[in-house]
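Only the coordinates and a few stated rules stand behind these numbers; no lab work does. For clarity, every value in this text was computed on a predicted model and none was experimentally measured. Cβ: placed from backbone, ideal geometry, glycine included. Neighbour counts: every protein chain shown.
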Amino acid sequence: MAAVDAAAFTEVKGLRRQLRRTGVSVNSALLYASLAWMAVVVLAALIPGVLATDDPTVLDPARALQPPGAGTPLGTEQYGRSVATLLVHGARSAMIIGLCATAFGMMVGSVLGLIAGYVGGWVDMVIGRFIDMLMCFPGVLLALIIAAALGSTTTNLILAVGIATVPGFARVMRGQVLTVRGHLYVEAARSNGFSPTRTVFRHILPNALAPSVVMATVSIGVAIVVAASLSFLGLGPRTEVPDWGQLLSLGQPYLANSWWISTFPGITLTLTVIAVSLLGDWLRDRLDVE
């Protein structure tokens, strides 16, 4: 075992040395890989026909449960549709829900945090208790409860996932506003007779927004995972083309013999979340956010 560990360590050191010789650090390599992967995902979401020419709505029972091969690189599912084609067309749903839910959560949470941090007093206390109430539930559980209550549509799923992200954005924005509002330029704006609205939108919000932007980048990946989890549980929208969560659910009964139906959607979901997280880390470093 020690010999194997030593060999693996030597191999990793050799890879790092080779990357340094070519002028590419490990972090840069991961960043470029993340950008490349997200470019493919975005392309699949915007123009799926470029990456997959098959019609994802056409059933072909004669090709059902074919393993990965030359004609079907990722195999087929129980209805004969190519798993690769379904993954490409399912990217649109994942990106729409991830982006829209994050935008909703960021907008609502930032407004609540901005009001609580700037006004203070009983307003801060009321908003704080509301945020604490939401945070009593884990994000996935809160989204599950909301989705079950509202129904299985894309809009309701966006609302459910978005509401689950509100507390995080609210707390981050409130903390930043409390820090920024004590700076000298804010005090100078007040002394010059600027209205509260002008002070907030011209001096406080621009200087308090960077952490929320970084958090939004990471939250996209979280929103995609939560949405896939709800779809896996049957709370996602019912469409002709299954999303990544529904693909995981469709392949569950066939996991023993037709592992590719669930495995490749799981890998796709994992790589997407990792890529988004790495891009969020890079953005945090660029914006110098603690």
The one condition ASN257 fails out of (1) within 30 Å of GLY120 (Cα to Cα); (2) surrounded by fewer than 20 Cβ atoms within 10 Å (Cβ to Cβ) is (1)
Being small (Gly, Ala, Ser), in contact (Cβ under 8 Å) with a residue 12 or more places away in the chain and either surrounded by fewer than 22 Cβ atoms within 10 Å (Cβ to Cβ) or on the phi > 0 side of the Ramachandran plot (or both) narrows ALA228, ALA223, ALA188, ALA210 down to just ALA210
Scanning the range 245-275 residue by residue, those out of contact with any Ser or Thr (no Cβ under 8 Å at 6 or more places or on another chain), of a type in the set (A, V, I, L, M, F, W, C) and outside any helix (DSSP H, G or I) turn out to be ALA256, TRP259
In the set ALA91, ALA101, the lone residue that is under 30 Å from TYR254 (Cα atoms), in contact (Cβ under 8 Å) with a residue 24 or more places away in the chain and part of a helix (DSSP H, G or I) is ALA91
Residue count, the range 260-281, condition surrounded by fewer than 19 Cβ atoms within 10 Å (Cβ to Cβ) and farther than 17 Å from VAL222 by Cα, comes to 1
**Asked** Hey, does the range 133-142 have a residue that's in contact (Cβ under 8 Å) with a residue 60 or more places away in the chain and closer than 20 Å to GLY245 by Cβ?
**Response** yes
Of the residues in the range 82-136, those that are β-branched (Val, Ile, Thr) and either farther than 30 Å from LEU65 by Cα or surrounded by fewer than 16 Cβ atoms within 10 Å (Cβ to Cβ) (or both) number 9
